[in-house]
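Below is one structure; the comments refer to it alone.
The values are calculated or read from the model by the stated rules, or taken from the named source; none is laboratory data. Please read all numbers here as calculations on a predicted model, not as lab measurements. Reconstructed Cβ throughout: ideal geometry from the backbone, glycine too, with neighbour counts over all protein chains shown. Just so you know, the surface numbers come from the protein's heavy atoms only, side chains and all, with ligands and any DNA or RNA stripped out. Shrake-Rupley method; radii C 1.70, N 1.55, O 1.52, S 1.80 Å.
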Amino acid sequence: MKNASQSDKELVISILSKAFKTNKSVEYILKDTSDARLRALMEYSFDTCMASGKVMLSDDRQACALISYPDQKKSTLKSTIADIKLILNGVGIGNISKVLDREKKIAANYPKKEIYYLWYIGVLPESQGRGLGGRLLSEIIDDAKSMERPIYLETSTTENLRFYERYGLKVYGHIDFIYRLFLIRND
């Protein structure tokens, strides 16, 4: 695994767009899951994590993860422009209040300390089932330990719950939208 660079942006966006094409949580926040809207969300997420977290890429370039450190996120002109671009190209103006409400409900479950937020972890669909996600998650867990930060994440995919539990992450709650969002952590 390596830290991705700006030159890996298109690859990371492509991996995540394919991996999250039918994800309930993504479907909830986007106006529709057209390729353009999905790419807009993943581009926004990539840029956010490059600025206040990290982007990790598997050595074989088939899997990636976006990690955010919420305590390091700053409001800047660049981040405001990115927010507007996401609204116009991804979320849609009509979904703004729904998305903000969702984010507020999720954030209310985080501790008031520094965390290691696993925003996305994805493997190309044709490469899934070969252990790539598990190897990447193991390295993420080691990285979070070295930083002394607890890992937090959510999933709307019930099939992923056993995957996370195998690596010591546990469901500590859920939020019901029009789908169930499981809250997961390792501390």
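Consider segment 17-26 and keep the residues that are in contact with a Lys or Arg (Cβ under 9 Å, 6 or more places away or on another chain) and in contact (Cβ under 8 Å) with a residue 60 or more places away in the chain. The one that is most open to solvent (accessible area, probe 1.4 Å) is K24. Looking at segment 11-38, which of the residues that are under 14 Å from the mean Cα position of the chain (by Cα) and in a loop (DSSP other than H, G, I, E, B) is farthest from A63 (Cα to Cα)? So, considering only residues that are under 14 Å from the mean Cα position of the chain (by Cα) and in a loop (DSSP other than H, G, I, E, B), the one farthest from A63 (Cα to Cα) is N23. Quickly run through segment 163-183 and pick out the residues that are over 20 Å from V99 (Cα atoms) and buried (at least 16 other Cβ atoms within 10 Å of the Cβ). Hits for segment 163-183 are Y164, L169. Close contacts from segment 103-121, counting a first residue that is in contact (Cβ under 8 Å) with a residue 24 or more places away in the chain and a second that is of a type in the set (A, V, I, L, M) and open to solvent by 40 Å² or more (accessible area, probe 1.4 Å), with Cβ to Cβ under 9 Å and a gap of 6+ residues or different chains, come to E114/M147; Y116/M147.
Entry remark, segment 73-99: residues being open to solvent by 90 Å² or more (accessible area, probe 1.4 Å) and either part of a loop (DSSP other than H, G, I, E, B) or touching a Gly at 6+ places or on another chain (Cβ under 7 Å) (or both) number 3 in total. The conditions of being closer than 20 Å to E27 by Cβ and open to solvent by less than 90 Å² (accessible area, probe 1.4 Å) are met by L153.
So the check is Cβ under 9 Å with 6+ separation or different chains; which pairs have a first residue in segment 176-187 that's closer than 22 Å to R149 by Cα and among the charged types (D, E, K, R) and a second one that's in a strand (DSSP E or B) and open to solvent by 50 Å² or more (accessible area, probe 1.4 Å)? Short answer, once both residue conditions are applied: R185/K170; R185/V171; R185/Y172. Hey, can you tell me all the residues within segment 29-68 that are free of Cβ contacts under 8 Å to residues at least 12 places away in the same chain and of a type in the set (S, T, N, Q)? Residue satisfying the conditions is S34 alone. Taken as a whole, segment 100-122 holds at least one residue that is open to solvent by 80 Å² or more (accessible area, probe 1.4 Å) and of a type in the set (D, E).
When S68 is tested against (1) more than 19 Å from F20 (Cβ to Cβ); (2) open to solvent by less than 20 Å² (accessible area, probe 1.4 Å); (3) out of contact with any Lys or Arg (no Cβ under 7 Å at 6 or more places or on another chain), exactly one condition is not met: (1).
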